[in-house]
1. Restricting attention to the range 132-168, which residues are closer than 30 Å to residue 3 by Cβ and out of contact with any helix residue (DSSP H, G or I) (no Cβ under 8 Å at 6 or more places or on another chain)?
2. Determine which single condition residue 126 fails, assuming it passes every other condition in (1) in a helix (DSSP H, G or I); (2) of a type outside the set (Ser, Thr, Tyr); (3) within 23 Å of residue 39 (Cα to Cα).
3. Can you tell which of 206, 123, 194, 150 is at pLDDT below 95 and surrounded by fewer than 17 Cβ atoms within 10 Å (Cβ to Cβ)?
4. Quickly run through the range 25-49 and pick out the residues that are in a helix (DSSP H, G or I) and buried (at least 19 other Cβ atoms within 10 Å of the Cβ).
5. Among the residues in the range 209-220, are any modelled with pLDDT of 80 or more, surrounded by fewer than 18 Cβ atoms within 10 Å (Cβ to Cβ) and more than 16 Å from the chain's Cα centre (by Cα)?
6. Are any residues in the range 50-66 of a type outside the set (D, E, K, R), on the phi < 0 side of the Ramachandran plot and not in a helix (DSSP H, G or I), and if so, which ones?
Amino acid sequence: MNYIQNKTAIVTGASSGIGAATVKALLENNVNVVAVAQNEERLNHFVEPLKKQGHNISGYAASVADAEAMKVVAEFASKTYGSVDILVNNAGLMLFSYWEDLAVNDWNNMVDVNIKGYLNAIAAVLPLMLKQKSGHILNMASVAGHQVDAAAGIYSATKFFVQAMTESMRKDLGVKHGIRANTVSPGVINTGWADKVVDPEGRKAAQELNKIAISSEDVANAVIYALNQPENVTVNDLIISPTRQNW
């Protein structure tokens with residue numbers, strides 16, 4: 001049964017990685033999609049071929065850190081497709097450092113995107129979902145929201161925040177209003193992140209770890225599973241990780 005066909009979804013961080021794979025998976029399930037990303041050129045390069053294939057998709061260049069811009073995105077989605085049924089909060093930053101590095105800019109950037117960005121998107125779509133008395137908010141989390149590594153303190157903290165806020169949303173929005181909220185928590189994913197690690201030894205370790213990684217498409221399949229449930233069912237937190245990942 002396809003419970004999500006003909007619904008409208010907003011996906012943030014949509015032009016690459018998990019976001020792009022999720023957009024494609026939603027389109028394959030006949031969902032209207034507003035794909036949101038900060039880089040307009042990259043976003044258009046991703047969206048235009050999908051439009052030419054006949055899919056109902058619109059690209060909207062915006063930063064999730066800009067609350068007003070996210071309100072405009074939600075209004076655009078509602079006016080274009082008639083409703084906002086699904087939000088996939090996916091845009092995120094994963095920056096590693098040790099405490100002695102005092103990487104304050106990295107800390108602030110992760111808070112702005114991974115926490116405030118999620119809240120901005122939720123604040124943008126929630127009035128519409130409350131008005132229509134239905135909706136589904138899926139917050140992309142991480143196994144880092146379940147356990148902490150020494151070099152991932154702030155990143156993990158943002159994902160612990162996501163877990164906590166989503167559980168609160170489930171108990172409030174789900175119980176009182178029937179608006180579902182849940183998380184998908186991926187393990188190691190091959191999104192090209194390993195090659196971007198600056199430190200040579202760190203890059204070598206990351207590339208070795210990446211050998212067991214799952215793909216963005218694997219995570220997108222989990223997203224579809226979590227979304228495509230009857231209205232009385234919520235998949236609270238879905239952890240998806242490589243079979244050979246030992247943490």
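1. Of everything in the range 132-168, those that are closer than 30 Å to residue 3 by Cβ and out of contact with any helix residue (DSSP H, G or I) (no Cβ under 8 Å at 6 or more places or on another chain) turn out to be 132, 134, 143, 164, 166, 167, 168.
2. (3)
3. 150
4. Step one: of the range 25-49, the residues in a helix (DSSP H, G or I) are 25-28, 40-49.
Answer for the range 25-49, where residues must be in a helix (DSSP H, G or I) and buried (at least 19 other Cβ atoms within 10 Å of the Cβ): 25, 26, 27, 43, 46, 47.
5. Yes, because at least one residue in the range 209-220 is modelled with pLDDT of 80 or more, surrounded by fewer than 18 Cβ atoms within 10 Å (Cβ to Cβ) and more than 16 Å from the chain's Cα centre (by Cα).
6. 53, 55, 56, 57, 58, 59, 60, 61, 62, 63, 64, 65, listed by residue number.
So that you can scan it fast, the table gives a plain yes or no per residue for (1) more than 12 Å from the chain's Cα centre (by Cα); (2) not in a helix (DSSP H, G or I):
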{"residue": "69", "(1), (2)": "yes, no"}
{"residue": "75", "(1), (2)": "yes, no"}
{"residue": "87", "(1), (2)": "no, yes"}
{"residue": "91", "(1), (2)": "no, yes"}
{"residue": "96", "(1), (2)": "yes, yes"}
{"residue": "112", "(1), (2)": "yes, no"}
{"residue": "116", "(1), (2)": "yes, no"}
{"residue": "120", "(1), (2)": "yes, no"}
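The values are calculated or read from the model by the stated rules, or taken from the named source; none is laboratory data. Just so we're clear, the structure is a prediction, and the values are computed from it rather than from any experiment. Counting neighbours? That spans all protein chains shown, and the Cβs are built from the backbone with ideal geometry, glycine included.
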